[in-house]
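A short worksheet on the structure shown next.
The values are calculated or read from the model by the stated rules, or taken from the named source; none is laboratory data. For clarity, every value in this text was computed on a predicted model and none was experimentally measured. Quick note on the areas: whole protein, heavy atoms, side chains included, nothing else; ligands and nucleic acids left out. Shrake-Rupley method; radii C 1.70, N 1.55, O 1.52, S 1.80 Å.
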Amino acid sequence: MLRMSVAAEEYLMIGDDIKLVFLGGTGKHMRIMIDAPKELNIVRSSVLEKKSNPEEKARLPRYYKEEEHPEKYRKKPGIIITRGGGDRAER
């Protein structure tokens, strides 16, 4: 699974014909626009999860919040430039 931060009006291309545009948001809510072929079925997870058939629910993908990022995704120590005397200090 890919996890990334995006700015408002930035977009992602999935294949050659699916475009996800991030329109911005507030707090926990993000607005997106999906430009995809009409033949492609796009359904919200909240709608899928309301299905009463347990077999269909069991086949749905499960996503979970990662509490801690693996070490390889954390910021690496670098150089900090301080104002004033132009001193440089290693982090």
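Among the residues of segment 4-26, which ones are in a strand (DSSP E or B) and not aliphatic (A, V, I, L, M)?
Narrowing segment 4-26 to residues in a strand (DSSP E or B): 11-14, 18-26.
Scanning segment 4-26 gives Tyr11, Lys19, Phe22, Gly24, Gly25, Thr26.
Pull up segment 33-71, narrow it to residues that are of a type in the set (Val, Ile, Thr) and at pLDDT below 90, then point me to the one that is least open to solvent (accessible area, probe 1.4 Å). So that I can check it myself, show each step before the final result.
At the first step, the residues of segment 33-71 found to be of a type in the set (Val, Ile, Thr) are 34, 42-43, 47.
With the extra rule that they be at pLDDT below 90, the set shrinks to 42-43, 47.
Details: Ile42: 95, Val43: 67, Val47: 82 Å².
So the residue we want is Val43.
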